[in-house]
1. On the given criteria, is residue 49 within 12 Å of the chain's Cα centre (by Cα), outside any strand (DSSP E or B) and modelled with pLDDT of 95 or more?
2. Can you name the residue in region 4-22 that is farther than 14 Å from residue 172 by Cβ and touching a helix residue (DSSP H, G or I) at 6+ places or on another chain (Cβ under 9 Å) and is also surrounded by the fewest Cβ atoms within 10 Å (Cβ to Cβ) among such residues?
3. Residues of region 1-24 being part of a helix (DSSP H, G or I) and in contact with a strand residue (DSSP E or B) (Cβ under 7 Å, 6 or more places away or on another chain), which ones?
4. Hey, among the residues in region 106-134 that are within 22 Å of residue 15 (Cβ to Cβ) and part of a strand (DSSP E or B), which one's nearest to the chain's Cα centre (by Cα)?
5. Condition test on residue 72, is it in a loop (DSSP other than H, G, I, E, B), touching a helix residue (DSSP H, G or I) at 6+ places or on another chain (Cβ under 8 Å), surrounded by 12 or more Cβ atoms within 10 Å (Cβ to Cβ) and touching a residue at least 24 places away in the same chain (Cβ under 8 Å)?
């Protein structure tokens, strides 16, 4: 998947990637993920994109954002806006797709390989743009979930598709043992 001398950047669509891993029944250890990639190539940048919601059930995202920032990740977080849909239900909106596309486009000429951790077909134009700039594009998502988390169109456009379930042994977060003092 990686070549030792190639400059690589990874872009994680946080909500999409989170739901893909959850659908496969595991949590991602982002330090292990970044370390795995750094061992295989020259990692220029690792960027995680997410929205933040000011509600009790979403507070868990903030410690993860802090962890990522302290561990070499660039984090792009947007505050989500709350709205009421047509059925009277409270919903949240905070899309970072454009931020991810712009971040990738800005460094496209400085990388050999872009790895997109998403299955969202909205990124098809980004894949084409990166390829036009000479970068190889790999997609990490899953088709082993029901429904598949990776769009067929996006998979066809990418140079490589990496099934997330195959990375599980290398990137799964395991319970940390607490030693007795």
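1. Working: within 12 Å of the chain's Cα centre (by Cα): yes; outside any strand (DSSP E or B): no; modelled with pLDDT of 95 or more: yes.
Considered against the rule, which asks whether it is within 12 Å of the chain's Cα centre (by Cα), outside any strand (DSSP E or B) and modelled with pLDDT of 95 or more, residue 49 comes out as no.
2. So the first thing to find is which residues in region 4-22 are farther than 14 Å from residue 172 by Cβ, and the list is 4-16, 19.
Pick out the ones that are also touching a helix residue (DSSP H, G or I) at 6+ places or on another chain (Cβ under 9 Å) and you get 7-14.
Details: 7: 16, 8: 24, 9: 25, 10: 24, 11: 26, 12: 27, 13: 24, 14: 23.
Per the criteria, the residue is 7.
3. Just the residues of region 1-24 that are part of a helix (DSSP H, G or I), to begin with: 14-23.
Scanning region 1-24 gives 14, 15, 17, 20, 21.
4. That would be 117.
5. Numbers: in a loop (DSSP other than H, G, I, E, B): yes; touching a helix residue (DSSP H, G or I) at 6+ places or on another chain (Cβ under 8 Å): yes; surrounded by 12 or more Cβ atoms within 10 Å (Cβ to Cβ): yes; touching a residue at least 24 places away in the same chain (Cβ under 8 Å): yes.
Criteria met by residue 72.
The values are calculated or read from the model by the stated rules, or taken from the named source; none is laboratory data. Note that this is a predicted model, so its numbers are computed, not measured. FYI the Cβ positions are ideal-geometry reconstructions off the backbone, even for glycines, and counts take in every protein chain you see.
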